[in-house]
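Each remark here refers to the structure printed beneath this line.
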Amino acid sequence: MMVTGSTLASTARAIALARTHPGTLFATAGVHPHHAGELSAASLTELEELARRPEVVAVGECGLDYFRNFAPRAAQQQAFHHQLELALRVGKPVFLHQREAQAEFTAVLREHAPRWRGVAHCFTGGAGELAGCLELGLAIGVTGWICDERRGAHLAALMPQIPAERLLLETDGPYLLPRDLKPKPASRRNEPAYLPHVAAVVARARGESLASLAGTSTAAARALFQLPP
Ligand SMILES: [Zn+2]
């Protein structure tokens, strides 16, 4: 299981948590586009130190979010470039966030391609975006967004297009509680415990068994993040 860092402080907490369950929990080290403003020269050095820790298996989440625009776009682009370079320096893959910014996201990645490896985390886009991500060589992270009948229904038809060795499963907990859980949990908090539900929905969309998808998606995650056997 990956514990995602989205700021310097949450990266430090993710590493601390991962250390309590060695070999089960792994961390990412990164600054989410919402917090791009916090990535100064000094904090970039600090982030690099964190990214080199053995518990850290990816740099991110990093990327672009032109939907919320919580940070100015120029700051987001700069933080994205810095973290792609950092990932190359530390030799780890990138954990990528992208919302409403596909063109710019693709352009930035192309500039750095094909030297990095990475995953388009929580993929929610359409056929064009999927083709773009696959062309960039990215793995695709699928969450319980696919269980959302209002805005995720289009994802089912795209599932068979993702090569098994590039399909990863995620919860994005504590966010994105699958909307079709029965019975409905009392809490809105999404948890790793709901991953088998997401896996079952994705497996059905791909016309394969849950066991098959569980096997290939685990192998894909192990390969991308170079997890111990
Ligand atoms: Zn994200």
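Worth pointing out:
- Breaking point among (1) open to solvent by 30 Å² or more (accessible area, probe 1.4 Å); (2) more than 14 Å from the chain's Cα centre (by Cα); (3) not β-branched (V, I, T), for G173: (2)
- Qualifying positions in the range 22-36 - outside any strand (DSSP E or B) and within 16 Å of the ligand (Cβ to nearest atom): G30, V31, H32, P33, H34, H35, A36
- Residues of the range 109-121 satisfying the condition of being more than 16 Å from the ligand (Cβ to nearest atom) and aliphatic (A, V, I, L, M): A113
- Residue match in the range 77-93 (condition: more than 28 Å from R222 (Cβ to Cβ), within 16 Å of the ligand (Cβ to nearest atom), open to solvent by less than 10 Å² (accessible area, probe 1.4 Å) and outside any strand (DSSP E or B)): yes
- The residues listed here are R19, R73, R53; of these, the one that is away from the ligand (no atom under 16 Å from the Cβ), basic (K, R) and farther than 28 Å from P192 by Cβ is R73.
- Residues in the range 56-70 that are assigned to a strand (DSSP E or B), out of contact with any Pro (no Cβ under 6 Å at 6 or more places or on another chain) and within 13 Å of the ligand (Cβ to nearest atom): G60, E61, C62.
- For the range 130-137, the condition of being without any contact (Cβ under 8 Å) to a residue 60 or more places away in the chain, in contact with a Phe, Trp or Tyr (Cβ under 8 Å, 6 or more places away or on another chain) and either open to solvent by less than 40 Å² (accessible area, probe 1.4 Å) or farther than 20 Å from L86 by Cβ (or both) holds for at least one residue.
- Taking the listed residues V108, V119, V59, the one that is open to solvent by less than 50 Å² (accessible area, probe 1.4 Å) and at pLDDT below 95 is V108, with no other qualifying.
- Against the numbered list (1) more than 13 Å from V94 (Cα to Cα); (2) open to solvent by 10 Å² or more (accessible area, probe 1.4 Å); (3) away from the ligand (no atom under 13 Å from the Cβ); (4) not polar (S, T, N, Q), A14 comes up short only at (2).
- Residues that are open to solvent by less than 70 Å² (accessible area, probe 1.4 Å), at pLDDT 95 or above and either hydrophobic (A, V, I, L, M, F, W, C) or not in a helix (DSSP H, G or I) (or both), drawn from the range 37-55: L44, L47, L50, A51, E55
- Being modelled with pLDDT of 95 or more and either within 26 Å of L167 (Cα to Cα) or open to solvent by 10 Å² or more (accessible area, probe 1.4 Å) (or both) is a description that does not apply to F67.
- Unique match (being within 16 Å of the ligand (Cβ to nearest atom), farther than 27 Å from V56 by Cα, without any contact (Cβ under 8 Å) to a residue 60 or more places away in the chain and open to solvent by 50 Å² or more (accessible area, probe 1.4 Å)) among R179, R99, R151: R151
The values are calculated or read from the model by the stated rules, or taken from the named source; none is laboratory data. As the structure is a prediction and not an experimental result, all values here were calculated from the model. Cβ coordinates were reconstructed from backbone atoms using ideal geometry, including for glycine residues, and neighbour counts include every protein chain displayed. Surface areas here come from the heavy atoms of the whole protein model, side chains and all, with no ligands, DNA or RNA. Shrake-Rupley method; radii C 1.70, N 1.55, O 1.52, S 1.80 Å.
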